[in-house]
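*Asks:* Provided herewith is a single structure, encoded as structure tokens, for subsequent inquiry.
Only the coordinates and a few stated rules stand behind these numbers; no lab work does. What you see is a predicted model; the values in this text were computed from it and never measured. Note: ideal-geometry Cβ built from the backbone for every residue, glycine included; neighbour counts use all protein chains shown.
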């Protein structure tokens, strides 16, 4: 009896020790990981009504648009709320678009370059206020004052002071970037750097040789190291060869009298990779948006986020550019992103178009919401997709907001 009493006391002590250490045991075991996954808050259900409405509208508009193929992803509070693929990679063939099908991002590439620039600025690798001529000694503009003062910030915010779209024709003719740069001293200068918004692909892409001069690595290598790998963008690339050899790619299409017809693959704008030469799947875009729109600072810190999304210059655009949006209170350009004041919310947005491809992306930091759309048959439906979703989302949020107390 005495031995049984000691055994009982000993057993109770063991149980107490296990109870106090149970949380630790869970965290350090596969079981703990499994439980954490099960108990993780599902934020998607908060906006399920929005997703359902958008999905229904999207299905209707896809049919009406006659689009060949495409994909959309919506992220919310660090989770994928919707990922939807439709159509085929090439008209006339039974090859459906999937989550890992790669599209060209065109000018949406600028948003990825902007994020990269924010990371490298925080790491003091290349700071945004560094002078271009300090990295590229042979760099020359028409005026010496502009040559000496233009900064990396000016390049990535389209405030170089040069006339808009300088040498884009040479880019379309696939003239190597270094040869285009050698002729920048021929371009007219409108204002000193920092005072005037003028959209550029060539000037923006000077970030490529600057990066190489500082790191001795190619732009592609740095992208892989700082963005693609850590963000989980497994299908992304930044050259024509990778895109061409990828068996899971969407082919470009152009509109004809009979609808969209397949066009040949082309390598236009790959000489300006930072501005328009990145390729990615809709899955990649989901990972990208989660990394940059969430509160988790592991991949993209609050400091870097502020650097990238702080407006740099007011951007005067034609009314048709945002014809599918309701009234926009202001339009600016930041570091690789357009910044809109839309319905009292700050929206970071960009569109991209290159022959046969269209891309759209938008995020609202304060709401941790993002949407990206990729297509291989450009039309106005895809341009309207982003504001349509945002309108539904903000209407939903307004309904959920607690009513103000009447005093």
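*Asks:* Give the Cα extents of segment 91-158 along the principal axes, in whole Å, largest first.
*Replies:* 57, 30, 18
*Asks:* Gain in length, residue 44 to residue 212, computed as 0.36 nm per residue apart minus the alpha-carbon separation, to one decimal in nm?
*Replies:* Taking residue 44 through residue 212 to full extension adds about 56.4 nm, to one decimal.
*Asks:* Pull out a ≥ b ≥ c, the square roots of the eigenvalues of the alpha-carbon gyration tensor of segment 167-283, then state rounded if a/c is under 1.5, prolate if not and a/b is larger than b/c, and oblate in the remaining case. List each step's numbers first, then the result.
*Replies:* Numbers: a/c = 2.09, a/b = 1.24, b/c = 1.68.
Note, shape of segment 167-283 comes out oblate.
*Asks:* Still on this structure: As I understand it, the value is the acute angle between the Cα axis of helix 2-27 and the longest principal axis of the Cα atoms of the chain; what does it come to in degrees, rounded to 10?
*Replies:* In the chain, helix 2-27 runs at an angle near 10 degrees to the longest axis.
*Asks:* Using only Cα atoms and rounding to the nearest 10 degrees, what angle (0 to 90) does helix 282-293 make with the longest principal axis of the chain?
*Replies:* So the inclination is approximately 80 degrees.
*Asks:* Still on this structure, please answer the following. So how compact is the chain: Cα radius of gyration and Dmax in angstrom?
*Replies:* Radius of gyration, then largest Cα-Cα span, for the chain: 24.9, 102 Å.
*Asks:* Springs between alpha-carbon pairs under 10 angstrom, Gaussian network model over the chain: which of 274, 252, 164 fluctuates most?
*Replies:* Result for the chain, Cα springs under 10 Å: 164 fluctuates most.
*Asks:* May I pose another question? Pairing the Cα long axis of helix 48-65 with the longest principal axis of the chain, what angle in degrees results, from 0 to 90 and rounded to the nearest 10?
*Replies:* Rounded to the nearest ten degrees, it is 40.
*Asks:* In a Gaussian network model over the chain where Cα atoms closer than 10 Å are linked, find which of 214, 226, 90 has the largest mean-square fluctuation.
*Replies:* 214
*Asks:* Next up: Between 361, 373, 60, which gets the highest mean-square fluctuation from a Gaussian network model of the chain, Cα cutoff 10 Å?
*Replies:* Evaluated over the chain, the most mobile residue of the options is 60.
*Asks:* List the pair-distance distribution P(r) of segment 234-286, using every Cα-Cα distance, as the percent of pairs falling in each 10 Å bin from 0 up to the bin containing the longest distance, rounded to whole percents.
*Replies:* Histogram of Cα-Cα distances, whole percents per bin: 22, 47, 27, 4.
*Asks:* Normalised by the residues of the chain, what does the relative contact order come to in percent, with Cα pairs under 8 Å and at least six apart?
*Replies:* That works out to 23 percent.
*Asks:* Order the peptides 237-250, 135-148 from the highest to the lowest mean number of other Cβ atoms within 10 Å of their residues.
*Replies:* 237-250, 135-148
*Asks:* So for each of 335-341, 128-134 I average, over its residues, the number of other beta carbons within 10 Å; can you give me the resulting order with the highest mean first? Please list the in-between numbers first.
*Replies:* Values: 335-341: 23.4, 128-134: 16.1.
Descending mean neighbour count gives 335-341, 128-134.
*Asks:* Follow-up. Sum -39500 (n - 2.57) across every DSSP H segment of at least 4 residues in the chain, then divide by the residue count to get the 222 nm mean residue ellipticity, nearest 500.
*Replies:* -11500 deg cm²/dmol
*Asks:* Could you tell me the relative contact order of segment 304-376? Use alpha-carbon pairs under 8 Å, at least six residues apart, and round to a whole percent.
*Replies:* Dividing the mean separation by the residue count of segment 304-376 yields 20 percent.
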